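Worksheet for the structure shown next.
Bear in mind that the values in this text are calculations on the coordinates, not laboratory data. These numbers were taken from a predicted model, which means no experiment stands behind them. Cβ atoms come from the backbone with ideal geometry, glycine included; neighbour counts cover every protein chain shown.
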């Protein structure tokens, strides 16, 4: 009667479910059994019965119902001697097959684990030892499903969430956590605790941490196995319980770990760091906590420190796909895409169903313009996990680059349906609208992304692109600066900020930002193009020629590169080379007004007025509202004796706000009057 009375007491102080909490959350569970479990007679019916019992408790207490949606087998590797290693291997190879969660059972002999169960919180995967004793197995399942719904180990020996499984009921703090995490995600990618519940979760986890420190049993328990008639304990569990002198604080780090995870996902890096330190104080060897430290270091721009942490972790766990993947991200941030790609590939060799690794391979391809490779990688990620909203958003980016706008819209819509609180689809929708020439609408989408995540550097960057396109260079500069502030290693933002500074004639500052982008690993023809422009502004044609050549080595079809090369050659007095460069620019881009205008300027210098006029007229056909072109054409017509045409272009130049030499205008006016007096019957175009 001990357990029953404890439950009755529990009901007196736990809040009654009400309102939205009354809705039952159904969790579909795929059950896998290794070969040893499958050899046990009636194992399926036994697990069904146990899961029904656990489901009844969870539905009554938390509004969570477990439904077994299938039984299958898996092969446990006898060379893997702990539950943790078995679980890593299981997660690397097995799919949920459309279910929410996975429950695996093993009866492998000789396991060295100190626990009867192990779970992966984000992934929604549980592995338990298939014990002969039914009550202990049921309690293990209750305990591990508690972890899946945000439960942490507690020092309270009366709680199911005590690491030694001594208690018969859930403690009040755990009940609050599980109810709060009832709506957790099971997509295996996002941090599971809903955003709207995280502030409350932080408060509860802090209470758990404080309660664990206050509990006398937390320090050095001396325990005996419960002997009540209604609570049986297997010999395996009893062996663990009978160990005395173990410092159980070692197992109480997970509340701090969960706090660190929340703060990390909320981009509260200092708070996350504090919780990691608190967790490591309790459990100095926990590589999962060290992994969080690596992520924090990486996100704060301390890339070398992050890599050192991952190298240390991989020294202990060299075949961990997750840690290889995380080090790959660090190298990508460092500007070493080849090393990042190698690490992602190694992670996939160990875990072929690693959707996030495929997504990151796609991002490397997308960033470098390898669209077919990127699309294939994103599709592989989505074949593994169709609920991966970020991969849908990234695939939409590929379709934007390919101008397949309908396909892009479909992927964005799906991403928004999967995760309405994610900023990524709004950012991509902004990119789509910008590509369609709808800049003001794109700005609205980027603002939505920033409202959802004020620390989203890519949205600020894209907003800067829009502002620059609108001619609002100062605002663009502010947006790029914000992106750099949020992500100091954001190479593209440094490059764009540099170009804005060049436009503002802050040339040395602009060059410094562009060089920083190059140091961060950005390999782009446009970087060299912008540097060539900067050196032209500094009147350093030699350096401008070298940078333009570098741009053209990377992209021979870059018309602007040939144009800048032509300007630099002109400044160096190499007129033939300049003419060839400008000619190549207009050949590559027949709508390139500036290149036609520069050819016209060059022909003027060479005294080839007819050729110059031809090039100017082609430029004017592209942009009839260019006042400077009208002025130059007026000068040529004057030199050719076509005074009325010259006057017509002077008037158009003035109407467009272009500067016309007053002496030239006056001379043209006098010439027209002189001609008019000679041919008195003709109308004088200069008449008032």
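Things to note:
- Each peptide in 129-141, 55-67 was scored by the mean count of other Cβ atoms within 10 Å over its residues; highest first, the order is 129-141, 55-67.
- Rounded FRET efficiency, nearest 0.05, which uses the C-beta distance separating residue 617 from residue 305 and R0 of 60 Å: 0.50
- Packing-based ranking, highest mean first, of 349-355, 661-667, 298-304 given that Cβ atoms within 10 Å are counted: 349-355, 298-304, 661-667
- Mean separation of Cα contacts under 8 Å, 6 or more apart, over the residue count of the chain: relative contact order %: 5
- The mean of 1/r over all pairs of different alpha-carbon atoms in region 536-645, once inverted, gives a Kirkwood hydrodynamic radius of 14.2 Å.
- Centroid-to-centroid separation of region 111-172 and region 636-675 [C-alpha atoms, Å]: 91
- Helices in the chain, meaning DSSP H runs of at least 4 residues, each add -39500 (n - 2.57). Divided by all residues, the mean residue ellipticity at 222 nm is -20000 deg cm²/dmol.
- Segments 26-33, 494-501, 401-408 sorted - mean Cβ within 10 Å per residue, highest first: 494-501, 26-33, 401-408
- Where only C-alpha atoms are counted, convex hull volume of region 449-548 per residue in Å³: 86
- Whole-number percent relative contact order across region 249-319, with pairs defined as alpha carbons under 8 Å at least 6 apart: 26
- At R0 = 45 Å, FRET efficiency that the Cβ-Cβ distance of residue 628 and residue 451 yields, to 0.05: 0.60
- Long-range tail of P(r) for region 535-577 (Cα pairs > 16 Å, %): 27
- Extension gain (nm, one decimal) between residue 671 and residue 268, 0.36 nm per residue minus Cα-Cα: 137.6 nm
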